[in-house]
Amino acid sequence: MDIATTLGIIFGFVVITGTILYEGNLGLFFNIPAIAIVGGGMTCATLIHFSLAQFLGIFSVIKKTFITKIPSPSELIQKMVNYAAINRRDGVLALEQEIGKVNNPFLVKSLQMLVDGQDAEAMRELLSLEVQYLQERHGVGKKILEFMGASCPSFAMVGTLIGLVSMLAKMENPEQIGRGMAVALVCTFYGALFAILLFLPLAGILGQYSKAEALSMEMIVEGICAVAKGENPTVVREKMQVFISTSRREEVKAKV
Amino acid sequence: MDIATTLGIIFGFVVITGTILYEGNLGLFFNIPAIAIVGGGMTCATLIHFSLAQFLGIFSVIKKTFITKIPSPSELIQKMVNYAAINRRDGVLALEQEIGKVNNPFLVKSLQMLVDGQDAEAMRELLSLEVQYLQERHGVGKKILEFMGASCPSFAMVGTLIGLVSMLAKMENPEQIGRGMAVALVCTFYGALFAILLFLPLAGILGQYSKAEALSMEMIVEGICAVAKGENPTVVREKMQVFISTSRREEVKAKV
Amino acid sequence: MDIATTLGIIFGFVVITGTILYEGNLGLFFNIPAIAIVGGGMTCATLIHFSLAQFLGIFSVIKKTFITKIPSPSELIQKMVNYAAINRRDGVLALEQEIGKVNNPFLVKSLQMLVDGQDAEAMRELLSLEVQYLQERHGVGKKILEFMGASCPSFAMVGTLIGLVSMLAKMENPEQIGRGMAVALVCTFYGALFAILLFLPLAGILGQYSKAEALSMEMIVEGICAVAKGENPTVVREKMQVFISTSRREEVKAKV
Amino acid sequence: MDIATTLGIIFGFVVITGTILYEGNLGLFFNIPAIAIVGGGMTCATLIHFSLAQFLGIFSVIKKTFITKIPSPSELIQKMVNYAAINRRDGVLALEQEIGKVNNPFLVKSLQMLVDGQDAEAMRELLSLEVQYLQERHGVGKKILEFMGASCPSFAMVGTLIGLVSMLAKMENPEQIGRGMAVALVCTFYGALFAILLFLPLAGILGQYSKAEALSMEMIVEGICAVAKGENPTVVREKMQVFISTSRREEVKAKV
Amino acid sequence: MDIATTLGIIFGFVVITGTILYEGNLGLFFNIPAIAIVGGGMTCATLIHFSLAQFLGIFSVIKKTFITKIPSPSELIQKMVNYAAINRRDGVLALEQEIGKVNNPFLVKSLQMLVDGQDAEAMRELLSLEVQYLQERHGVGKKILEFMGASCPSFAMVGTLIGLVSMLAKMENPEQIGRGMAVALVCTFYGALFAILLFLPLAGILGQYSKAEALSMEMIVEGICAVAKGENPTVVREKMQVFISTSRREEVKAKV
C-alpha cells in the first residue's frame, strides 16, 4: 500500500474535524440516524446492484490492494535481461531453477510455459487473455466503490428530504427552521464527505493499482516472448525500456 | 436470483421507513398524487421512448433474471474437459448422448453443431454472432430500467414545481409555507427514492447478469472450438482456466 | 408508429393536467411569456446549431418514423429463405420477378444487384457502406431532438431568472414574493416538462427506430450475400436466426 | 454560412429582450460588472487552457465557417462522374485542364495526384491521412467554443457568489435582500444566456460544418480513387450515391 | 510555456479581485478556514487517489510543461527533408554527425536507430510503442489536475455545509442569517474559483501540450521511416505536409 493513501485518509479527517471544531461543536455533526440512512441506504443499493459474492469480495480486494507488492518496472526489466542471458548461455532449461526464486504467480506461470518449450506466439495469446480476464475481475472492486461513492450523496438527499419534510410539516414558528434545517443538512454533509473523501478516492487508487498490475503483466508477456524467441539481453532491454521513462533507463545491465 | 438483491430491497425499505418513523410520521410520506405524478409520468415517458413490445418485455426480462441459473465457470470448465476426454476416447459422435444431459440451450446448440461435424472456425463465427445479438437483445431491459431511473427524479421535479407554484400563488401568510413545501417536497423524495433504491440498482444487477451470461457463452464457444479441434483434456483445461481466478483453478480434472 | 408512443404522450399530459387540477388551478400554469421564452429560445438555439435544411427536415424525419413500417425480422428471414430456395431451383434470374413484390427500397436495390450477378463480397461492401451512411443521415433527427431536450431546461432557467430578478428588484413587501416566484417557476416547469415528456423520449424512440431499421438492413445484407453464394435454404435460415431470439426461431420454413 | 445561424442569433436576442421588457425594465439586466466577470473570467480560463495561437485562431475559424462554401454532395458526384468519363474517353492527362476549373484546394490536390499518375491505393492512404489531420486541426475551434460555453455558467456562479456574500455581509434589514439578490442573479443570467444562446450552438454548427467538410473530402477520396482505377462513369456514380439519400439519387448523369 | 497561460492566470485574478473590490471588501473573501478545508480536503483526496510518487511528480510535470520547447511542425519537416537529402547523397552513415546537433531525446534515439541501419518497419513498431507509453505516463499529470478540479467544489460544499449547520444550530434571530451565510458561502466561492480558474484550465493546457508532443513524435516516426526507406526529399516533404495546414505548406525546401 502506498503511504499516501493512509496519510490522505488520516489528514482528511483531521482537516474536517478541525474545521468543525473551529466553526461549532462536534456533537452537532455526530448524528446516528443520518449515518444510518446514508450508510444503510448505500449498502442496500449496493447489495441490489451486485451479487453477494461480489459485495463480500470487495473487502478482500481492498485488503489485497493495500498489501500485495507489484514488482517495479525496473526490477522486471532486470529479471528479463537476466533470463535472456541465462537462456542464451545455458539454454531454456536452465531457467527452471529461476522459477523457485520468484513469488509473482503470473511470472511463475510464464516462466513455466517458457521452460516447457511453448511457442512464443501461443504464449503471448494465452497470457494476454489471462491479463484481460484478470483485469476484468479486478475491475469489479473499482466499480463497487464507484457505485458506493455515487449512492452516498443520493441517500444523503433522501435523508435530508425526510428531515426537511418532517420539520416543515410540524413547524409552528420560523425560529424552529434553523435547528431543523441544521439537522436535515447533516445528512447531506455525510453523503458528500463519504463520497469524496472515502469511496471515490479509494476507487481511484484501486484503478491505479489495477493499471500498474496490468503494466507489469504486459511487461512480463513482452519480456518472456522476447526470451522465448532467443533474443540477446541487449535487445530484450531495448524492447522493455519503452515501458519506463527515459530518466530511469540507464540503470539496467545483465547480472547473471 | 442472488439473495443479495432481495435483502437489499427489503432492508432498504426498512431503513427508509425507520428513519421516517424516527423523524416524524409515516402518513406525511404517503401521498397518492405524488406517487401518481412520479410513477405515471415515468411510465408515460418510458412508453414514448420504447415500443410497447419492449416495454411489456421488461417484466419477463426481470423475471428471467431472477429465476434463470447461469452455469458456474468451474462447472463449464469441468464439462468441456469431459467432452474433450470423450471426444478423444470415443470420437465426436459419442458426445451426442451428452446433449440430453444438458439444459442450457446455447450449450445444446453448440454441442449439436459439434456432433454434426462442423468446422471449428465456422462454429466460432456463428456462435459469436449469436452471443453478440443475444447481448444486444438482453441489453434493452437494462436500458429501460436506466431510463426509468433517470425519469423518476425529473417527474419528481415537475411534481414539486406544480406543488410549489400552486402553494406560492395562494399563499396568504408565511406560516403556510412550511406545510405547503413539505407536501411539494414529498414528490422529490419519491423521485430520488425510486431511482436510487429500485430502478438504478435493478438496471445494475441486470447488467451484471448479462455480463455473467456473456462470459459463460464465451467460455462455451472457446471450449467447444477447442474440443472440435481435437485438443486433449489438459490443453482444454489450460485454455479455459484463464476465465477464472487463480485461487479456484486447481479443482478441475477430467471425470468421464 | 408504435401505439405506445401515442398512448405515452396522451396519458402523460392527462397525468400532468390531473395533478395541476388537484393542486390548484390550470390558469396558473398557462403562461404565454413562459411558453414564448422556453419554446422560442429553444428554437433559436436549434437554428444556430443546425442548418436550416436539417432543422426543417426534423418534421419529415418524425413523420417518417411514425409512418414507415420496418419489416419484422421473422418476415425477412422467411423472404431470404424463399429467395435461397428459388435461386437453388430456378437460378438467380428467377428472382427478378420477386423484386416487383417488394416495396422496401433497400431490399429492392439488394435484389437488383443479386439479379445483376454481382459478387457477394462486392455487394456486402457496397451495401454496408449504404447502411452506414443512411444511419448517419437518420442520426441527425435524434441529435436535433436531444439538443432540443437539453435546451429546454436551460432556457427555462433563463426565463425563471428574468422573472426572479424583475420580481426581486421591485419587491416592496415580502408578501409579494409568493406570487412572483410562482410565476417565475412556471418557466422551470415548462422546461422540465417539454424535455422529459416530449423531446427526450421522442429522441429515444427515433433512436429505437433507427436501430431496428439498421438491424433489418444488416439482415438483408447477410441474407442476400448468403443467397449470392448459393447457400441452401436451411443454411440461410441458420445464419439469419442469430438475429432473433430463440423463442421465435422455430416458425420459419421455405415456402416457395 | 447557413442563414439559420444568423436568424437564430437575432431572434434569440429578440425573444430574450422581449421577455425582459414584458417582465420589468431592460436597465436592470444591463450590468457592466456582471458582464466583466462572466466575459473576463471566461476569456482568462480559455487563455490558460489553450495556446495564444489557438485562441486567436478561433476568430478566423469562425469567419471561415461562415464564409467558405462546402461543395454539395450531388455536385461532387456530378464532377466525379464527369472525370470518369473524361478519363475513359481521353485518358488521365486530359483531366489536367479540369484542375483549373476547380477552386476547392483538396480537390485540386487530388486531381493533381491523379494526373501525376499516382497509384490508387497510395493516393487513398495519403489523402485519408490529410482528411484526418485536417479534421483534428478544425476540431480545435469546436473545443474552444465548448470550453467557453462550459466556463460561462461557472464564472457566472463565481460572480453571483461574490454578489451574494457582499450583500449578505452588509445586510441590515431583510428588505434589502430583494434588490441585492436581483443584482447577484444577473450574473447567473448572463452565464446561462451566453452559454446556451451563443457558445454551445456555435460549437454545434462548427461541428456540423466540420462533418460536412469531412464527408465532402471522403467523397473526393472515394471518387478520385475510383477514377484512378479506370472505373466507368456508371460504376463511379453507383459507388458515390451511397453518400446521399435515396430521394436525391436520380439526378446524376455524365455531362462531358 | 505559452504566454497565454501566464496572462490568463494573472488577468483572471485581476478580474476576480476587481469585482470583489467593486462589490464589497476584500477581507470578507480572505478566509483561512475556508482555504484550509478546500485546499486541505482536495490535497488529501488526491493523496488517497494517487500514489505519493505520482502526486509529487505533478510539480515536475507542470514545470516541464512550462519550460520544454516542442519542436514546431515546420521545423521538423525541414529537418526530415534535410535528412532525406543527406541520406540520398552521402548515405545513412553521414547522418551520424546530425545526431549531435539535435537535443530532442526522441529524435536522437530515432536518428541513432536509423544510423544503426535498423529496418523501417521494426523502427516504426518500437518507436510507436515508445510514443504510446510516454503519452500514458504524461497523461497522469492531466488526470491529477482534473481530479483536483473536480474535488475542489465538493470540498467547498462540505465546508459550506459545516458553516451552514453550525450557523443554523446556534441562530437565535433571523438577522444573524446574513452574516453566517456570507461566511459559509465563501467556501463555495473558493471551490468554484480554484476549479475553473486554476485546475481545469491547467489540466487543459497539459493535455494540449501532450497532444502537441505526440504529434511531433508521430511526425518524427513518419519522417525517419520515410528516410529509412530511402525516399527522396520531395516525397518525404509531401508525406509530412499532411501534418500541417495548407497555408503553412509552401515554405519547406531541402537546405543541406
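The values are calculated or read from the model by the stated rules, or taken from the named source; none is laboratory data. Worth saying up front: this structure is predicted, and the values here are computed from it rather than measured. Positions of Cβ are backbone-derived with ideal geometry, glycine not excepted, and every protein chain shown enters the neighbour counts. Side chains included, ligands, DNA and RNA excluded: accessible areas come from the protein's heavy atoms. Shrake-Rupley method; radii C 1.70, N 1.55, O 1.52, S 1.80 Å.
Each residue of region B:69-74 was assigned a 3J(HN,Hα) from its phi angle through the Karplus curve 6.51 cos²θ - 1.76 cosθ + 1.60 (θ = phi - 60°); the sequence is 9, 7, x, 6, x, 5 Hz, with glycine and proline shown as x.
Once you reduce region C:155-234 and region D:88-124 to the center of their Cα atoms, the two points are 47 Å from each other. Between C:M148, C:M240, C:M167, the Gaussian network model of chain C with springs among Cα atoms under 10 angstrom shows the greatest mean-square fluctuation at C:M167.
With Kirkwood's inverse mean 1/r over C-alpha pairs for Rh, give me the Rg to Rh ratio of region B:167-218, two decimals please. Walk me through the numbers before you get to the answer.
Working: Rg = 20.9 Å, Rh = 14.2 Å.
Ratio of gyration radius to Kirkwood radius for region B:167-218: 1.47.
Only protein heavy atoms count here; on that basis, with a 1.4 Å probe, E:T246 has an accessible area of about 70 Å². Quick one: pull the percent of accessible area on chain C belonging to carbon and sulfur, 1.4 Å probe, ligands and nucleic acids left out. The computed percentage sits at 62. How high is the relative contact order of chain D, given as a whole-number percent (alpha carbon pairs under 8 Å, six or more residues apart)? Relative CO of chain D lands at 34 percent. Given +1 at the Cβ of Lys and Arg, -1 at the Cβ of Asp and Glu and no other charges, the dipole of chain A around its Cα centre is 300 debye to the nearest 20. Sorted from shortest to longest, the distances between the B:D90 label points of this copy and the other copies are 4.9, 4.9, 7.9, 7.9 nm, with each point 7 Å from Cα along the line through the beta carbon. Couplings 3J(HN,Hα) of region A:119-130, computed from phi: 6, 4, 5, 4, 4, 4, 5, 5, 5, 5, 4, 4 Hz, in residue order, whole Hz [Karplus 6.51 cos²θ - 1.76 cosθ + 1.60, θ = phi - 60°; x for Gly and Pro].
For region A:19-96, count all C-alpha to C-alpha pairs, find those more than 17 Å apart, and express that count as a whole percent of the total.
On the way: 2214 of 3003 pairs.
Here the long-distance tail beyond 17 Å is 74 percent of all Cα pairs in region A:19-96.
Before rounding to the nearest 500, sum -39500 (n - 2.57) across all DSSP H runs of length at least 4 in chain B and divide by the residue total; then give [θ] at 222 nm in deg cm²/dmol. Intermediate values should be presented prior to the final figure.
Values: 10 runs with 196 residues, N = 256.
The per-residue figure over chain B is -26500 deg cm²/dmol.
Loop-only check: which trypsin sites (Lys or Arg not before Pro) in region B:56-157 are DSSP coil with at most 14 other Cβ within 10 angstrom?
Working: sites: B:K63, B:K64, B:K69, B:K79, B:R88, B:R89, B:K101, B:K109, B:R124, B:R137, B:K142, B:K143; in loops: B:K69, B:K101.
Answer in residue order: B:K69, B:K101.
Sorted from closest to farthest, the other copies place their D:E136 label points 2.0, 2.0, 3.2, 3.2 nm away, with each point set 7 Å from Cα along Cα→Cβ.
Relative intensity of region A:117-193 on a log10 scale, I(q)/I(0) at q = 0.14, 0.15, 0.25 Å⁻¹, equals -0.63, -0.67, -1.03, per a Debye sum over C-alpha point scatterers of equal strength in the absence of solvent.
Of all the options C:A212, C:A228, C:A182, the one that moves most in a Gaussian network model of chain C with Cα springs shorter than 10 angstrom is C:A182.
Per-residue SASA remark: D:E231, around 40 Å² accessible (1.4 Å probe; ligands, DNA and RNA not included). When +1 charges are put on Lys and Arg Cβ atoms and -1 charges on Asp and Glu Cβ atoms, the dipole computed for region C:104-256 relative to its Cα centre reaches about 340 debye. Karplus-derived 3J(HN,Hα) values for region C:138-155, using 6.51 cos²θ - 1.76 cosθ + 1.60 with θ = phi - 60°, are 5, x, 4, x, 4, 5, 5, 5, 5, 5, 4, x, 7, 6, 3, x, 5, 5 Hz; glycine and proline are entered as x.
Shielding by partners for A:207-219, please: the mean number of other protein chain Cβ atoms within 10 Å of each residue's Cβ. Display every interim value, and only then the final one.
Details: counts 1, 6, 1, 0, 2, 1, 0, 0, 2, 0, 0, 1, 0.
For peptide A:207-219, the averaged partner shielding equals 1.
Please compute the average number of Cβ atoms from other chains found within 10 Å of each residue's Cβ in peptide B:35-46.
Values: counts 0, 4, 7, 1, 1, 7, 8, 3, 5, 14, 9, 4.
Across the residues of B:35-46, the mean count of other-chain Cβ atoms within 10 Å is 5.
Over chain A, with a Gaussian network built from C-alpha contacts below 10 Å, which listed residue (A:L215, A:L127, A:L28) shows the highest mean-square fluctuation? Result for chain A, Cα springs under 10 Å: A:L28 fluctuates most.
Note on D:E238 and D:V14: with the Förster distance fixed at 41 Å, the Cβ-Cβ geometry gives a FRET efficiency of about 0.30. Computed about the Cα centre, the dipole magnitude for region C:48-126 is approximately 420 debye when only Lys and Arg (+1) and Asp and Glu (-1) carry charge, each at its Cβ.
When you look at the Cβ of every residue in A:178-184, what mean number of other chain Cβ atoms sits within 10 Å? Write down the numbers at each step before the final one.
Working: counts 13, 4, 4, 5, 9, 4, 3.
Partner-chain Cβ atoms within 10 Å, mean over residues of A:178-184: 6.
Report the normalised scattering of the protein assembly as shown as log10 I(q)/I(0) at q = 0.05, 0.08 Å⁻¹, calculated by the Debye formula with identical scatterers on the alpha carbons. Here log10 of I(q) over I(0) equals -0.44, -1.24. Go through A:K211/B:K239; B:K63/C:K79; C:K211/C:K239; C:K229/D:K239; D:K109/E:K69; C:K63/D:K63 and tell me which ones have a Cα-Cα distance over 29 Å in this structure. Beyond 29 Å between Cα atoms: B:K63/C:K79; D:K109/E:K69; C:K63/D:K63. Taking all protein chains together and rolling a 1.4 Å probe, C:R248 ends up with roughly 110 Å² accessible.
Please report the orientation-averaged projected area of chain E, defined via the convex hull of its C-alpha atoms, in nm².
Working: hull surface 71.3 nm².
Computed as one quarter of the Cα hull surface, the answer is 17.8 nm².
Measuring heavy-atom accessible area with a 1.4 angstrom probe and counting protein chains only, the residues of region E:139-158 that give up at least 10 Å² relative to the chain alone are E:K143, E:F147, E:S154, E:F155, E:M157, E:V158.
How much area per residue is accessible in region E:3-161 when the probe is 1.4 Å and only protein heavy atoms are counted (Å²)?
Details: 7140 Å² over 159 residues.
Per-residue value: 45 Å².
For region C:66-138, rounded, prolate or oblate, judged on the Cα gyration tensor with a ≥ b ≥ c (square roots of eigenvalues), a/c < 1.5 rounded, else prolate if a/b > b/c?
On the way: a/c = 2.10, a/b = 1.32, b/c = 1.59.
It comes out oblate by the Cα gyration axes.
Accessible area buried by the pairing of A and E, both sides summed with a 1.4 Å probe, works out to roughly 3600 Å². Each copy carries a label point for A:D119 at 7 Å from Cα toward Cβ; from one copy, the others' points are 1.9, 1.9, 3.0, 3.0 nm away, ordered from shortest.
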